[in-house]
Amino acid sequence: IQGNEYTNNTFNAGFGIHWTNPNYYIGVSIPRFLKNSLYENGDDFNGDVNTYYLMAGVITKLSRNVKFYPNFMISLNPNVPFEFDLNANFLFLDTIWLGANYRFEDSIDGLIQYQFKNGMRLGFAIDFTTSELRNVTTGSFEVLLGYTFPCETCEILNLRYF
C-alpha cells in the first residue's frame, strides 16, 4: 500500500517457571525476551532490557474456617526503580476473600470477593495512590467477575487458590 504507512513486527516470547504444592508456590518469569518495534518512537523505554519477576506465596490455615494467603512479587529492571508488592489475603469459609496489597512507594490496595458455589466469583478492589501520581489521580477501582470451569478429570483440586 502506498503512502507513509509501514508495518513492524511486535512478536515476542517469554519464559517462566511456576512450582506449587498444596501449601505454597514460587515462580520466576521473564515475559519479554526479544526487542521489538513497540517502543521505537523515542520513548524512554528502549526495549533492550528485560524485566525479571520473582513471586512466592503460602497458604496458612488459621482455623477450620479461615485461611491466610500472604504473598509477594519482586520486579527487577535496570531502567526502573526497585519494585515489589506485598499481599495479605484471608479466605473465610472458602467463600469470602478479604485482602490488602502494598506496592512499594506507589499504592495501597484493598479487595473483597465472594465465591459462589457454581464457580462464579464477584469482587471489588480499590487502589489508593501514595506516589507522586496522587497529584493527578486518586487511584482506581475495579469490579471483578470470574468463573472457574468445572474439570472432573483435572489433577488440580482447586485452580482458584493460585
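For region 126-141, taking the residues that are at pLDDT 90 or above, open to solvent by less than 100 Å² (accessible area, probe 1.4 Å) and assigned to a strand (DSSP E or B), the one that is farthest from W97 (Cα to Cα) is identified as T129.
Is it the case that region 79-100 has a residue that's of a type outside the set (S, T, N, Q), surrounded by fewer than 16 Cβ atoms within 10 Å (Cβ to Cβ), closer than 26 Å to V28 by Cβ and more than 17 Å from the chain's Cα centre (by Cα)? Scanning region 79-100 turns up at least one residue that is of a type outside the set (S, T, N, Q), surrounded by fewer than 16 Cβ atoms within 10 Å (Cβ to Cβ), closer than 26 Å to V28 by Cβ and more than 17 Å from the chain's Cα centre (by Cα).
When you check E152 against the structure, is it open to solvent by 90 Å² or more (accessible area, probe 1.4 Å), farther than 26 Å from P31 by Cα and in a loop (DSSP other than H, G, I, E, B), yes or no?
Details: open to solvent by 90 Å² or more (accessible area, probe 1.4 Å): yes; farther than 26 Å from P31 by Cα: yes; in a loop (DSSP other than H, G, I, E, B): yes.
Criteria met by E152.
Looking across E152, E83, E132, one residue alone is touching a Leu at 6+ places or on another chain (Cβ under 9 Å) and charged (D, E, K, R). It is E83.
Kindly establish whether G146 is under 27 Å from I30 (Cβ atoms) and either surrounded by 14 or more Cβ atoms within 10 Å (Cβ to Cβ) or under 18 Å from the mean Cα position of the chain (by Cα) (or both). Reasoning before the result, please.
Details: under 27 Å from I30 (Cβ atoms): yes; either surrounded by 14 or more Cβ atoms within 10 Å (Cβ to Cβ) or under 18 Å from the mean Cα position of the chain (by Cα) (or both): yes.
In short, yes.
The values are calculated or read from the model by the stated rules, or taken from the named source; none is laboratory data. In this text, all values refer to a predicted model and were calculated from it rather than measured experimentally. We place every Cβ from the backbone using ideal geometry, glycine too, and count neighbours over all the protein chains shown. The protein model used for the area step is the full one, side chains on, heavy atoms only, and it has no ligands, DNA or RNA in it. Shrake-Rupley method; radii C 1.70, N 1.55, O 1.52, S 1.80 Å.
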